[in-house]
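Quick notes on the structure that follows.
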Amino acid sequence: MPVRSVPMQVKMQGDCRVENITGQVQAALKQTQLGAGILTIFIKHTTASVLIIEDEPGIRADTKALWERLIPADPAWQHNVRNAGEDNGHSHLRGQLQGQSLTIPFNDGAMTLGTWQQIVVLDFDTRARTRDLVLQVIGE
């Protein structure tokens, strides 16, 4: 079964910002010329995650509020204390819980997402940066 790997980059702003990458992922899937199989999206960072949400302003605001309640920014996180100048201990902890990958089946060259499902990158870090992703596609 053929395997294709497609690199992707997304410019992010940090602070629980959400970037919808559904269109970019679908375009990359088309480039592989595979019709059916499994697509894995992996983000190569410990302070960001990929996930599926209903991408609308209320969910974006609720997602940020949820993470700020669950794991607030705090200078006392040991990552910050032990690494002078670091302020993103909470960002790493949030990334640990949310995870760095998604797997989505596809048929007829299209992801089998539900009506309201969108793929997003959620950036937990405290500053802007470019995020590197790898799309690994296995199919026929």
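Derivation of every value follows stated rules applied to the coordinates shown; laboratory data play no part. Nothing here was measured: the structure is a model prediction, and the numbers come from that model. Here the Cβ is made from the backbone with ideal geometry for all residues, glycine too, and neighbour counts use every protein chain on show.
Using the Karplus relation 6.51 cos²θ - 1.76 cosθ + 1.60 with θ = phi - 60°, the per-residue 3J(HN,Hα) values for the range 5-21 come to 10, 10, x, 8, 10, 9, 7, 10, 10, x, 6, 6, 6, 10, 10, 7, 10 Hz, with x marking Gly and Pro. Relative contact order of the chain: 54 percent, from C-alpha pairs under 8 Å at least 6 residues apart in sequence. In terms of its C-alpha gyration tensor, the range 21-82 has an oblate overall shape, because the principal axis ratio a/c (a ≥ b ≥ c, square roots of the eigenvalues) is not below 1.5 and a/b does not outweigh b/c.
What the Kirkwood sum gives for the range 60-140 is a hydrodynamic radius of 15.4 Å, with every pair of different alpha carbons counted. Ranking of Ser5, Ser101 by neighbouring Cβ atoms within 10 Å, starting from the fewest: Ser5, Ser101.
A cut-off of 5 Å between modelled amide H atoms, ignoring neighbours fewer than 5 places along the same chain, links Arg127 with Asp15.
Cα gyration tensor of the range 3-139, axes a ≥ b ≥ c as square roots of the eigenvalues: rounded (a/c below 1.5), prolate (a/b > b/c) or oblate? Note, shape of the range 3-139 comes out prolate.
Among 119-129, 78-88, 11-21, sorting by the average number of other beta carbon atoms lying within 10 angstrom of each residue, highest first, gives 119-129, 11-21, 78-88. Phi angles of the range 70-82 translate, via the Karplus equation with coefficients 6.51, -1.76, 1.60 and θ = phi - 60°, into HN-Hα couplings of 5, 9, x, 5, 7, x, 7, 4, 4, 4, 6, 5, 7 Hz per residue; Gly and Pro are given as x. Residue-wise HN-Hα couplings along the range 51-67, as the Karplus relation 6.51 cos²θ - 1.76 cosθ + 1.60 with θ = phi - 60° gives them from phi, are 7, 10, 9, 7, 7, 9, x, x, 5, 4, 5, 5, 5, 4, 4, 4, 5 Hz; Gly and Pro carry x.
Compute the signed sum of charges (Lys and Arg +1, Asp and Glu -1) over the other residues within less than 11 Å, Cβ to Cβ, of Thr126.
Working: positive: Arg127, Arg129; negative: Asp15, Glu86, Asp87, Asp123, Asp125.
For residues surrounding Thr126, the net value is -3.
So what is the calculated 222 nm ellipticity per residue for the chain, using -39500 (n - 2.57) for each DSSP H run with n of 4 or more, over all residues, to the nearest 500 deg cm²/dmol?
On the way: 4 runs with 40 residues, N = 140.
Mean residue ellipticity, 222 nm, calculated: -8500 deg cm²/dmol.
For the chain, the longest principal axis of the Cα atoms and the long axis of helix 89-98 meet at an angle of about 30 degrees.
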